[in-house]
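K.L.:
I'd like to ask you about the structure that follows.
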């Protein structure tokens, strides 16, 4: 797994949006070796606020079934008005219709829980490292 | 549907390192006083409303969650993952369910369930004496429609799968 740890990633920021503290903890633990900074949001509303308020996020992981605002409605809102960062859905859901909806709303991938830590690291690293550098002002 | 409900629970706990085995017949011990927490997931389909309740004893819960987060948080997530597995199994058989964010209550609120011994849960024991119980209740208003997924709708993923678009 060490060869998956990218260089110069200490400042990369990942937002983890999930109403389960345990899942946020699992994700934080899985990504610990990457050096990414993890920011947490506890539901879709909190996630949307952080997506819009934290200006230098590099990526987000997002649950689907959450109180207040579900993940699919949240990413649709982000697509209308939000940062253009990769979003990876992390959920127990697996209906093709939901996966299609996420893709059409701009999500970059879909993981069915429970996740394998090494595969999560590989997917997150790929999306973060492939992201084009933000345009200079 | 019974097979899906039973297998989903065994697979779920196995994924978190706890082997549970179903207990049937007289081996079921009711009431189940040692259930520490209950996770609740509601689900629906056309003509159907349902609720799945997953209960686990403290020892089983903590053996399946080494991270030390709260039992209530974890049982809600287990209920969420349980209904996810149940739904995926039914989806592969052509029946689609929809669910909402899970809820949770402490085991002391189980009194309603244990006071009705004729309504038996799907009951499991782990090798260390812990227990897991699953209740599924459904209201079906008209005959259910089984529709195999149409070609072109995309494959149904398995737990742990990662799909990058």
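K.L.:
Let me confirm something: among B:88, B:49, which residue is crowded, with 21+ Cβ neighbours inside 10 Å and in contact with a strand residue (DSSP E or B) (Cβ under 9 Å, 6 or more places away or on another chain)?
P.N.:
B:88
K.L.:
Next question, about the same structure. Can we say residue B:9 is crowded, with 18+ Cβ neighbours inside 10 Å and assigned to a helix (DSSP H, G or I)?
P.N.:
Spelling it out, residue B:9 is indeed crowded, with 18+ Cβ neighbours inside 10 Å and assigned to a helix (DSSP H, G or I).
K.L.:
A follow-up question, please. Within segment A:37-60, count every residue that is within 13 Å of residue A:85 (Cβ to Cβ) and in contact with a strand residue (DSSP E or B) (Cβ under 7 Å, 6 or more places away or on another chain).
P.N.:
Selection size over segment A:37-60: 10.
Residues are listed down the side, and each one gets a yes or a no for (1) within 14 Å of chain A (Cβ to nearest Cβ); (2) modelled with pLDDT of 90 or more:
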{"position": "B:65", "(1), (2)": "yes, yes"}
{"position": "B:73", "(1), (2)": "yes, yes"}
{"position": "B:84", "(1), (2)": "yes, yes"}
{"position": "B:102", "(1), (2)": "yes, no"}
{"position": "B:110", "(1), (2)": "no, no"}
{"position": "B:121", "(1), (2)": "no, no"}
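K.L.:
Another question, then. Give me the pairs, please: first residue somewhere in segment B:146-165 and at the interface with another protein chain (Cβ under 7 Å from one of its Cβ atoms), second residue anywhere and part of a loop (DSSP other than H, G, I, E, B) and at pLDDT below 75, beta-carbon distance under 7 Å, and either six or more positions apart or on two chains.
P.N.:
Listed pairs, sorted by first residue: B:156/B:149.
K.L.:
Moving on to the next point. Kindly establish whether residue B:23 is within 15 Å of residue B:121 (Cβ to Cβ), surrounded by fewer than 24 Cβ atoms within 10 Å (Cβ to Cβ), in contact (Cβ under 8 Å) with a residue 24 or more places away in the chain and over 12 Å from the mean Cα position of the chain (by Cα).
P.N.:
Judged against the criteria, residue B:23 is a match.
K.L.:
Taking segment A:22-49 on its own, how many of its residues are more than 14 Å from chain B (Cβ to nearest Cβ), touching a residue at least 40 places away in the same chain (Cβ under 8 Å) and surrounded by fewer than 18 Cβ atoms within 10 Å (Cβ to Cβ)?
P.N.:
Of the residues in segment A:22-49, 1 are more than 14 Å from chain B (Cβ to nearest Cβ), touching a residue at least 40 places away in the same chain (Cβ under 8 Å) and surrounded by fewer than 18 Cβ atoms within 10 Å (Cβ to Cβ).
K.L.:
If I go through segment A:81-123 residue by residue, how many of them are more than 10 Å from chain B (Cβ to nearest Cβ), closer than 28 Å to residue A:11 by Cβ and in a helix (DSSP H, G or I)?
P.N.:
Of the residues in that region, 3 qualify.
K.L.:
Further question on the same structure: Can you name every residue in segment B:89-100 that is at the interface with another protein chain (Cβ under 7 Å from one of its Cβ atoms) and either farther than 12 Å from residue A:91 by Cβ or modelled with pLDDT of 95 or more (or both)?
P.N.:
B:91, B:96, B:100
The values are calculated or read from the model by the stated rules, or taken from the named source; none is laboratory data. As the structure is a computational prediction, the values presented were derived from the model and not from experiment. Using ideal geometry, Cβ is built from the backbone for each residue, glycine included, and neighbour counts are taken over all protein chains shown.
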